[in-house]
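Trainee: Can you read through this structure? Questions will come right after.
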Amino acid sequence: MRFDSKLPDVGTTIFSVMSRRALEEGALNIGQGFPDYPVDPRLSQALIDAVAEGHNQYAPMEGVVELREQIARKLHGSYARDFDPQTEITVTCGATEALYDSIQAVVHAGDEAIIFDPAYDVYEPAIRLAGGRCVRIPLTPPAFRFDWDRVRAALTDRTRLIVINSPQNPSCTVAEAGDLDALAAAIRDRPISVLADEVYEHVLFDGRRHASVLAHAELRERSFAVFSFGKTLHATGWRVGYCVAPASMTRELRKIHQFNTFSIAAPLQHAIARYLARCPDAWSGLSAFFQAKRDLLANRLRGSGLEPVPAAGTYFQLVDYGALSAALDVDFADRLIRQAKVATIPLSPFYAAPPPMTLLRLCIAKRDETLESAADRLCRFAAGA
Ligand code: PMP
Ligand code: GLN
């Protein structure tokens, strides 16, 4: 039978590929972004309790109300603004589902959506499946700053969506308040929505503060803001995220969500709701926690030939291997898995047309011992390279 692929050029994501290669090669995996340390025991206990108490049937489509109320409280604490749990907050299967649903809700066949390269991998396939076309605007290394002139020049009558990710995976840069002002000004008189991927909202370094679209008076009126308890509670496997958007946009998002995942695992939602009630600022130490890990890894690698690039936020640290090799990043990363026994993530798969660069992404959400062993292996490799 002839089968026409809807995504003929798409393979398995670089994260899954590198995690599989790490297993095959017995390598330390500091590629895919997930912690290798346990969640807070109070969170595990809350899940055991939720199951034992019988929260084992379908949760409401929009999310367990206690959890949406906790999210509203959390948002108020972070962004000094009230969001209505009934009409503006939806619990989703990780941030991934929220991103997909938002894109399906906005993008019609023939529409254009702007994303910034290097771009997290979910956006483009979802835009294409909606019948849209991605317009990719580069953030150029080494600084990876936004070029708002270029954004303005790329806007057309068909532009329907701009996807902004801050703190940004994989560049580890953050948008500043001025970037959000520039974005708001660029789309002010146009029918363009914003999809703000803010999963790393609590992981900013060196005293930086997160500029959320939810704290921006103009942008929050036209934005889907997407968050992940996977990142905030060190539980990526729980697959619980949420989307915050004005009621009219949330209505459209829920039309997709109800036929996509319908509702999210009930015991997990109850567990998170209870945990947040008990630990109302569970995320307050995240920046310091990850900054110490960034510093540990970066300090060990500095001078090795795998040079740390300044990182302003996220779970990640970029390194530049240009002093050691001019090989393509995908090939160099494969060499590291085989020879150094360390799995990393090359940057070129995040681009449509990668510029010449020699960057790898390392995940810092790991035990200190894991980071130390990985750094030792990388330094030994670099010394022999
Ligand atoms: N957006 C970005 C920028 C990410 O890095 C990730 C994964 N870490 C996601 C979205 C997906 O989050 P989740 O695991 O909650 O689906
Ligand atoms: N967000 C994770 C990362 O950037 C990957 C999640 C996934 O594998 N889909 O590493």
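Trainee: For the structure I just gave you, tell me whether residue 296 is touching a residue at least 40 places away in the same chain (Cβ under 8 Å) and over 26 Å from residue 39 (Cα atoms).
Mentor: Judged against the criteria, residue 296 is not a match.
Trainee: From the set of residues in the stretch 30-59 that are among the β-branched types (Val, Ile, Thr) and closer than 22 Å to residue 95 by Cβ, which is surrounded by the fewest Cβ atoms within 10 Å (Cβ to Cβ)?
Mentor: Among those that are among the β-branched types (Val, Ile, Thr) and closer than 22 Å to residue 95 by Cβ, it is 39.
Trainee: Test of understanding: among 378, 359, which residue is surrounded by 19 or more Cβ atoms within 10 Å (Cβ to Cβ) and within 24 Å of residue 122 (Cβ to Cβ)?
Mentor: 359
Trainee: I've got another one for you. Could you tell me whether residue 259 is over 14 Å from the mean Cα position of the chain (by Cα), closer than 30 Å to residue 360 by Cβ and modelled with pLDDT of 95 or more?
Mentor: Here the answer is no, as residue 259 does not meet what is asked.
Trainee: Just one of the numbered conditions (1) part of a helix (DSSP H, G or I); (2) small (Gly, Ala, Ser); (3) within 14 Å of the chain's Cα centre (by Cα) is not true of residue 186; which one?
Mentor: (3)
Trainee: May I ask you to say which residue of 109, 72 is in contact with a strand residue (DSSP E or B) (Cβ under 7 Å, 6 or more places away or on another chain), surrounded by fewer than 21 Cβ atoms within 10 Å (Cβ to Cβ) and closer than 23 Å to residue 256 by Cα? Let's see the steps before the verdict.
Mentor: Working: 109 fails: in contact with a strand residue (DSSP E or B) (Cβ under 7 Å, 6 or more places away or on another chain).
Answer to the check: 72.
Trainee: If you don't mind, there's one more thing I want to ask. Specify the residue that is surrounded by the fewest Cβ atoms within 10 Å (Cβ to Cβ); the eligible residues are those in the stretch 234-264 that are of a type in the set (Gly, Ala, Ser) and in a loop (DSSP other than H, G, I, E, B).
Mentor: Pass one, the stretch 234-264, residues of a type in the set (Gly, Ala, Ser): 235, 237, 241, 245, 247-248, 263.
Okay, now just the ones that are also in a loop (DSSP other than H, G, I, E, B), so 235, 245, 263.
On the way: 235: 23, 245: 32, 263: 19.
Among them, the one singled out is 263.
Trainee: While we're looking at this one, here's another question. How many of the residues making up the stretch 13-63 are hydroxyl-bearing (Ser, Thr, Tyr), away from ligand 2 (no atom under 11 Å from the Cβ) and assigned to a loop (DSSP other than H, G, I, E, B)?
Mentor: 2
Trainee: Mind checking which residues of the stretch 112-138 are touching a Lys or Arg at 6+ places or on another chain (Cβ under 9 Å) and either among the small types (Gly, Ala, Ser) or farther than 24 Å from residue 11 by Cα (or both)?
Mentor: 113, 119, 132
Trainee: Restricting to the stretch 208-233, and then to whatever is charged (D, E, K, R) and part of a loop (DSSP other than H, G, I, E, B), can you tell me which residue is nearest to ligand 1 (Cβ to nearest atom)?
Mentor: By that ranking, first place goes to 208.
Trainee: Sort out which residues of the stretch 346-363 are over 19 Å from the mean Cα position of the chain (by Cα) and at pLDDT below 95, and write them in order of number. Write out each step before concluding.
Mentor: From the stretch 346-363, those over 19 Å from the mean Cα position of the chain (by Cα) are 353-358; that's our starting set.
Result: 353, 354, 355, 356, 357.
To keep it simple, each residue is scored yes or no on (1) at pLDDT 95 or above; (2) within 30 Å of residue 360 (Cα to Cα); (3) within 16 Å of ligand 2 (Cβ to nearest atom); (4) surrounded by fewer than 20 Cβ atoms within 10 Å (Cβ to Cβ).
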{"residue": "155", "(1), (2), (3), (4)": "yes, no, no, yes"}
{"residue": "163", "(1), (2), (3), (4)": "yes, yes, yes, no"}
{"residue": "167", "(1), (2), (3), (4)": "yes, yes, yes, no"}
{"residue": "173", "(1), (2), (3), (4)": "yes, yes, yes, no"}
{"residue": "193", "(1), (2), (3), (4)": "yes, no, no, no"}
{"residue": "198", "(1), (2), (3), (4)": "yes, yes, yes, no"}
{"residue": "208", "(1), (2), (3), (4)": "yes, yes, no, yes"}
{"residue": "217", "(1), (2), (3), (4)": "yes, no, no, yes"}
{"residue": "225", "(1), (2), (3), (4)": "yes, yes, no, no"}
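Trainee: From (1) hydrophobic (A, V, I, L, M, F, W, C); (2) surrounded by fewer than 23 Cβ atoms within 10 Å (Cβ to Cβ); (3) in a helix (DSSP H, G or I), pick out the condition that doesn't hold for residue 135.
Mentor: (3)
Trainee: Quick one: residue 104 ticks every box in (1) crowded, with 19+ Cβ neighbours inside 10 Å; (2) within 16 Å of ligand 2 (Cβ to nearest atom); (3) in a helix (DSSP H, G or I) except a single one, so which number is it?
Mentor: Against the list (1) crowded, with 19+ Cβ neighbours inside 10 Å; (2) within 16 Å of ligand 2 (Cβ to nearest atom); (3) in a helix (DSSP H, G or I), residue 104 comes up short only on (2).
Trainee: Right, something else. Could we say that residue 328 is over 23 Å from residue 141 (Cα atoms) and either modelled with pLDDT of 95 or more or in contact with a Cys (Cβ under 6 Å, 6 or more places away or on another chain) (or both) here?
Mentor: no
The values are calculated or read from the model by the stated rules, or taken from the named source; none is laboratory data. It should be emphasised that the depicted structure is a prediction, and the values quoted were computed from it without experimental measurement. Backbone-built Cβ (ideal geometry, glycine too); neighbour counts: all protein chains shown.
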